[in-house]
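Trainee: First the structure, which I've put down as structure tokens, then a few questions once you've had a look.
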Amino acid sequence: MSLPNNGAFDLTAVYDTQFYGTGLPLITSVVTIDGSSSDIYRSNDDGTPDFRILAVDSDGDLTLRDTTISNGSVEENYYGGGGIFSRGALTVEGSTITDNYAYLGGGIDAVQATIIDSVISDNVAYPGDVSSPVGGGINAETLIVENSTISHNTAFEGGGIYAHEATISGSRIVDNVANYDYGAEGGGIKASMLTLTDSVVADNTAAGGDAGSGRGGGIHMNNGTISGSTIMGNVADSGHHYSPLPVAGQGGGIYAAGPV
């Protein structure tokens, strides 16, 4: 499927409701969208309901190329992915996912996702009735990121990325924030297993609060490998732990729970 050059697609209504509300038809097969520098976005007009832009079912396989996805919003706590929700296979190439909102994965919520030559920025995972929204930019079980920028995203945990297993190479994880009153974890990245190669993790923050201090300003990980990379300018803020005196944050650059 090829979109017209520099097209602008202003979505005003929910098209599919299988995973809460989605503005475009549910992807249930192998689909490639070549955006040709097009923008697909949820309308800013008054009265526009909340919905994400794209959803992929468990039998779907979506490749999104050269497209900007923005302004998606999912209020329902059970489903995430303000921009894209995927229970199948997802590949994002040369695209921008920006200014989306959801409880899990403000930009993208996926079982398995590959992000190549793309920008994931200014997305927010915000609290609903449940207390710990994760993955401001991306929430994924298995994640591959190549030559991409993950920046200015916000969540309680994993401001930029929250993943069980993440493999990141040649990328920039910068200026993301994890902010949680009980002590945020992973301003840039929170991953159980992380392989980080030839990348920059910089100027991310794990904030502290009245009930806990931050851990892993740049990276919060259980185990994995870091090579050829720069970790700089990250902050794990102090918190109060219900005490009048602050308690220092842990791991301004890296907080490692196991062998790294």
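The values are calculated or read from the model by the stated rules, or taken from the named source; none is laboratory data. Nothing here was measured: the structure is a model prediction, and the numbers come from that model. Because the Cβ atoms are built from the backbone with ideal geometry, glycine has one as well, and the counts that use them run over all protein chains shown. Note: areas computed on protein heavy atoms with side chains; ligands, DNA, RNA excluded. Shrake-Rupley method; radii C 1.70, N 1.55, O 1.52, S 1.80 Å.
Trainee: If contacts are Cα pairs under 8 angstrom and at least 6 residues apart, what is the relative contact order of the chain in percent?
Mentor: This gives 10 percent for the chain.
Trainee: Sort largest first and round to whole Å: the equivalent ellipsoid semi-axes of region 110-225, each the square root of five times a Cα gyration tensor eigenvalue.
Mentor: Computed over region 110-225, the values are 21, 14, 13 Å.
Trainee: Could you work out how far the C-alpha centroid of region 141-202 sits from that of region 61-139, in angstrom?
Mentor: Cα centres, region 141-202 to region 61-139: 13 Å.
Trainee: Which whole-number percentage describes the relative contact order of region 74-130, with Cα contacts under 8 Å and a sequence gap of 6 or more?
Mentor: The normalised contact order for region 74-130 reaches 40 percent.
Trainee: Report the normalised scattering of the chain as log10 I(q)/I(0) at q = 0.08, 0.16 Å⁻¹, calculated by the Debye formula with identical scatterers on the alpha carbons.
Mentor: Values returned for q = 0.08, 0.16 Å⁻¹ are -0.29, -1.05.
Trainee: Separate question: Per residue, how much accessible surface does region 1-131 expose to a 1.4 Å probe? Answer in Å², no decimals.
Mentor: Roughly 41 Å² per residue, with all protein chains present.
Trainee: Looking at the chain only, what percent of DSSP beta bridges run antiparallel? Nearest 5 please.
Mentor: In the chain, DSSP labels about 5 percent of beta bridges as antiparallel.
Trainee: Any chance you could run the full-extension gain for Ser43 through Ser2? It's 0.36 nm times the residue separation minus the Cα-Cα distance, nm to one decimal.
Mentor: Stretched fully, the Ser43-Ser2 segment lengthens by 12.6 nm.
Trainee: For Tyr242 and Val260 in the same chain, what is the full-extension length gain: residue separation times 0.36 nm, less their Cα-Cα distance, in nm?
Mentor: Residue separation times 0.36 nm, minus the Cα-Cα distance, leaves 3.3 nm.
Trainee: Could you tell me what percent of the DSSP beta bridges with both partners in region 1-120 are antiparallel, to the nearest 5?
Mentor: 5
Trainee: Suppose every K and R has +1 on its Cβ and every D and E has -1 on its Cβ; what is the size of the dipole of region 32-145 about the Cα centre, in Debye to the nearest 20?
Mentor: Computed about the Cα centre, the dipole is about 180 debye.
Trainee: Among 217-228, 80-91, 4-15, how do they line up by average Cβ neighbours within 10 Å per residue, starting with the highest?
Mentor: 80-91, 217-228, 4-15
Trainee: Test of understanding: what is the full-extension gain from Glu141 to Asp59, defined as 0.36 nm times their sequence separation minus their Cα-Cα distance?
Mentor: Full extension from Glu141 to Asp59 adds 27.9 nm.
Trainee: May I pose another question? Once you've got the GNM for the chain with C-alpha springs shorter than 10 Å, pick whichever of Ser151, Ser36, Ser95 has the biggest mean-square fluctuation.
Mentor: Ser36
Trainee: Now a separate question. Sort the following peptides by mean Cβ neighbour count (other Cβ atoms within 10 Å, averaged over residues), highest first: 18-30, 199-211.
Mentor: Order by mean packing, descending: 199-211, 18-30.
Trainee: For region 9-150, with all protein chains present and a 1.4 Å probe, just round the carbon and sulfur fraction of the accessible area to a whole percent.
Mentor: C and S atoms contribute 44 percent here.
Trainee: Ranked by accessible surface with a 1.4 Å probe, highest first, in what order do Asp46, Asp59, Asp39 come?
Mentor: My answer, sorted largest first, is Asp46, Asp59, Asp39.
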